[in-house]
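Working notes, beginning with the structure itself.
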Amino acid sequence: MKIILKILRRKDAASEPYWISIPYETDEAEFSVASALRAINEDTERRDVNGEPFEPIRWECSCLQKKCGSCAMVIDGKPGLACDAMISGTGKERTVTLEPLKTFPPVADLIADRSSMFEELKKLKVWSPGGLKLSEEAEETAYDASRCLQCGCCLEVCPNFHAGGSFAGNAALGPFTRLLAELPKKDNKELSASYSKYVFEGCGKSLACRDVCPAGIDIDRLLVHSNAIAVWRRKSAADKVKN
Amino acid sequence: MLTGMPGFGAEYMGDHGAVNIIGAGFAGLSAACLLAREGFSCRLFSVQPSERAQSVLAEGGLNAALDTMGEDDRPEEHYNDTLKGGVFLADPNAVKRLSEEAVRVAAWLQELGVPFHMKNGRVVLRNFGGQKKKRTLYSRSSTGKIMMTALIDEVRKYEASGLVERFPHHECVRVLIAGGSCFGVRIKDLYTGAVCDYPGKTILCCGGLTGIFPGMTTGSALNTGDLAACLFSEGVVFSNLEMIQYHPTTLGIPGKRLLVSEAARGEGGRLFVMRDGEPWYFMEEKYPELGNLMPRDVVSREMYFTARREDCGDTVYLDLTMLSDAAWEEKLKDLREELIHYFSIDPMTGPVPVQPGIHYFMGGIDVDIDHRTSINGLYAAGECCSQYHGANRLGGNSMLGALVGGHAAALNIINTEKAGDMPEADHLTGSGLYPVSPEDDPALAEASPVLVNRLSDILLEGLGIVRDGQSISAALEKVRAAAGENPDYNLREKNRLILAEAMLKSAGSRRESRGAHYRSDYPETDENFRRTSAACYEDGEVRIAFRSIPERRES
Ligand SMILES: Cc1cc2nc3c(=O)[nH]c(=O)nc-3n(C[C@H](O)[C@H](O)[C@H](O)COP(=O)(O)OP(=O)(O)OC[C@H]3O[C@@H](n4cnc5c(N)ncnc54)[C@H](O)[C@@H]3O)c2cc1C
Ligand code: SF4
Ligand code: SF4
Ligand code: FES
């Protein structure tokens, strides 16, 4: 199969972005964006559609099995993971566009600096004050919440999120939810207040984020769960929130 | 001691410099937690944030003899199984510490809120390969990810209090070593390109040699092996480099091998090949006691030989169709989803074709029981070091080894600082950081993927599941030929060639079969080789020596 990869390039944070179109051909009937990027970068003879040689495309990856969130980028206009996005034959040559996540400051090519996501969690004091209590009721919620990849895809589509604003977005939902599920009520006041202010109040519940979450986290359920504990202060109601 | 340890008090703060930790997987986070809890500050460098470390990929679980399943399990049995699984090549004193600390590590992780699977108020333990009793804590099929989330939250607390400083897109390009001591580390900010030296004692937690075999392992692309190669060429001693674990059940996807966790066999999965038109469950026939759950080296080797038999098909299948819906839902959900996503195979309805793939490096940087390397002030923990697992690592023991190792290294630093025993390296302490111009250090230039892939192919010829003197020598010749071909290799390329030679020479020197190292020309285990192979690069030459293993001290 043959495709054209149209990639938004940028040498470094200070440089102007520009597009490059790269032909890619493979015997595979189906392949991931990650495998195409790897193959192109390893090809010492690589040329763009105009026959010009070019430097390897910078992008981030680690696990290559959609478990680490490293390779998040905008693929055909939608945020997703390069190792998850499969391209399959349609018969005719097609173009796949790749851009870095735009919610975060650009670094180079397909890399964006997602540090703000981690800084935010630090600023909002998302950690355990101690005394977490494991219960069978909390196990499922804590598990689901712990699965968040911190990939940033949800922030990319959220109409209410902008970096540096007061709404932390749903990348903060997982970490908050795990702790709220496990903390005894008497110890969760501060965390609850922080959650209410920086997650609950900012979220418009459009759930655009749920549709793009590559980990398939049931964001809706986590929101209902954490709202019950932190906003409505009813832990028992939260325990009843099931899939 | 891991939990409930009394603080050493603030009098030690400020009069010592920050500790450098290279790598932010289990080993790095574990070291950071203990240092910070004791009031010591550290810098946590990693190529990418913790969420992206290989540690998040661990699926099956963590071993600890908690004995919640009414089987009368004890740390001593965990000790026995670990030593036996490693075919008595591990340091028994270190393994004893591992098996005892396991119970405390498990308690600590529960305090941090890791949602391990529980029933009736107790943690549920599962079976894992090479162990007769249920001893493995788990959190469905994402145990590593779920544990990492809790540890990351814990470290965040110390980040906020200023004791842990994160450098999450920073590569360590070399360790600054002079006169047998570590003076600090050289770090490149991968986002800005800036290069700086940071003084201080250093704990290496940079993961296994995955990147020496790109595309051929189950691990993460972040662990390039460049730093290990650099350290080796600077004279740091490595050990048991020939011990490479092939996981029996993997499938190839672009850029890596996808793991089918041992948990799938723990739940009842059966390996078979087709023989005379019938499935033959060869493991169960040959090993009636542990069957499909024999240690990984045994299973991989049996698969290798069985698939080469004339009367058998050449594909080995894993049959998981008998697993209960509950097992899929509660324990192996991600696995099923992955198999459907990448291969269109639904393991609930049909068998999965599997092959052995490289999964773990038992060998690595040589360390003592306190995780000190051969260099003063330099420590190593986690998969980058060689400790606990001997000739073969048991499933569920490596996250544990990384957590215990990180703690042990940190504890040794805390104790030596407390005793006022400052190694020479400390004269740099507190003097800030030193910018370096990128042109100044050849260690900054990357190795070409062409050479990296070529070396990987050569190494695989000599370091396969089954090896012999001839294949090892032939591979060694090819490495030397490649080295001689081009005088203009850059430093990283040269370092890789040297490390490759050390790996092959280690395998060539061990003229016996033990654990993961199986030589068809020496198929027996030889008591004379119950020794650690130590590799060192001196005066431009790779030297291999065998060192005896300490006796178990009575406690
Ligand atoms: C698919 C899979 C499943 C597994 N399942 C299990 C299991 O069920 N049970 C079990 O016990 N073990 C399991 N393991 C093994 C276990 O996960 C690892 O051995 C363990 O997590 C290693 O932890 P670590 O801290 O040593 O290194 P890693 O988690 O590999 O982290 C290495 C760190 O070093 C950083 N780094 C690397 N090089 C540099 C550099 N030059 N400069 C700066 N930073 C650097 C990386 O960014 C990363 O942060 C599994 C492994 C895999 C691949
Ligand atoms: S539900 Fe809507 S507003 Fe809330 S985080 Fe998701 S996308 Fe943003
Ligand atoms: S909630 Fe989903 S999309 Fe958002 S950061 Fe977590 S894994 Fe990514
Ligand atoms: S590389 Fe880990 S999610 Fe794509």
Problem set entry | Crossing angle, helix A:173-182 versus chain A [Cα axis fit, 0-90 degrees, rounded to tens] | 30
Problem set entry | Neighbour-limited loop hits for trypsin sites (Lys or Arg not before Pro), segment B:252-354 (at most 15 other Cβ within 10 Å; DSSP other than H, G, I, E, B) | B:Arg308, B:Arg309
Exercise. Computed FRET efficiency, Cβ-Cβ of A:Asp43 and B:Ile369, R0 41 Å: what is it to the nearest 0.05?
Worked result: 0.30
For this session: Residues in segment B:441-484, backbone N under 16 Å from the label point at B:Ser520 (7 Å along the Cα-to-beta-carbon vector): list them, ranges by number please.
Result: B:460-475
For this session: Describe numerically, in nm with one decimal, the distance between label points set 7 Å from Cα along Cα→Cβ at B:Glu554 and at B:Met348.
Result: 5.8
Seminar exercise, completed: Taking chain A and counting helices only, DSSP H stretches of n ≥ 4 at -39,500 (n - 2.57) each over all residues, the nearest-500 ellipticity at 222 nm comes to -7500 deg cm²/dmol
Problem set entry | Given 11 as the ceiling on other Cβ atoms within 10 Å, longest exposed-site-free region of chain B for GluC sites (Glu not before Pro) in DSSP loops | B:1-288
For this session: Would you mind getting the accessible area per residue of chain B, heavy atoms of the protein chains only, 1.4 Å probe, in Å²?
Result: 34
Seminar exercise, completed: A chain fully extended from A:Glu119 to A:Lys78 at 0.36 nm per residue, minus the present Cα-Cα distance, gains in nm 12.3 nm
Problem set entry | Principal axis box of segment A:115-242, alpha-carbon based, largest edge first, Å | 34, 27, 23
Problem set entry | Cys with no candidate disulfide partner in chain A (beta-carbon separation under 4.7 Å rule) | A:Cys83, A:Cys148, A:Cys151, A:Cys153, A:Cys158, A:Cys203, A:Cys213
For this session: Just grab the label-to-label distance for A:Ser21 and B:Arg531, each label 7 Å out from Cα along the Cβ direction, in nm (one decimal).
Result: 6.6
For this session: Throw me the Rg/Rh for chain B, computed over C-alpha atoms with Kirkwood Rh, two decimals.
Result: 0.95
For this session: May I ask for the angle, rounded to the nearest 10°, between helix A:136-146 and the longest principal axis of chain A, with both axes built from Cα atoms and the value confined to 0 to 90°?
Result: 30
Exercise. Which whole number gives the average, over all residues in B:515-523, of C-beta atoms from other chains lying within 10 Å of the residue C-beta?
Worked result: 0
For this session: Kindly provide the trypsin sites (Lys or Arg not before Pro) of segment B:435-520 that DSSP labels as loop, not H, G, I, E or B, and whose Cβ sees at most 15 other Cβ atoms within 10 Å.
Result: B:Arg511
Seminar exercise, completed: With a Förster distance of 30 angstrom and the Cβ-Cβ distance between B:Asn80 and B:Ala545, calculated FRET efficiency to the nearest 0.05 equals 0.55
Seminar exercise, completed: Expressed as a whole number, the average count of other chain Cβ atoms within 10 Å around the Cβ atoms of B:245-257 is 3
Problem set entry | Efficiency of FRET from Cβ geometry, B:Arg275 and B:Leu460, R₀ 30 Å, rounded to 0.05 | 0.60
For this session: For segment A:2-112, report the translational diffusion coefficient in µm²/s to the nearest whole number, using Stokes-Einstein at 37 °C, 0.692 mPa s, and a Kirkwood Rh over Cα pairs.
Result: 232
Seminar exercise, completed: antiparallel share of DSSP beta bridges within the protein assembly as shown, to nearest 5, in %, is 75
For this session: Give me the percent of Cα-Cα pairs in the protein assembly as shown that sit more than 35 Å apart, rounded to a whole number.
Result: 46
Exercise. Counting only other chains, what is the mean number of Cβ atoms within 10 angstrom of the Cβ of each residue in peptide B:156-163?
Worked result: 4
Problem set entry | Neighbourhood charge, 10 Å Cβ-Cβ cut-off, centred on B:Pro254 and excluding it, Lys, Arg +1 and Asp, Glu -1 | +1
Problem set entry | Within chain B, helix-based [θ] at 222 nm, where runs of 4 or more DSSP H residues each add -39,500 (n - 2.57), nearest 500 | -10000 deg cm²/dmol
Problem set entry | Largest to smallest accessible area among B:Phe45, B:Phe305 [probe 1.4 Å] | B:Phe305, B:Phe45
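The values are calculated or read from the model by the stated rules, or taken from the named source; none is laboratory data. Note that this is a predicted model, so its numbers are computed, not measured. Reconstructed Cβ throughout: ideal geometry from the backbone, glycine too, with neighbour counts over all protein chains shown. To get the accessible areas, we keep the full protein, side chains included, count just its heavy atoms, and leave off ligands, DNA and RNA. Shrake-Rupley method; radii C 1.70, N 1.55, O 1.52, S 1.80 Å.
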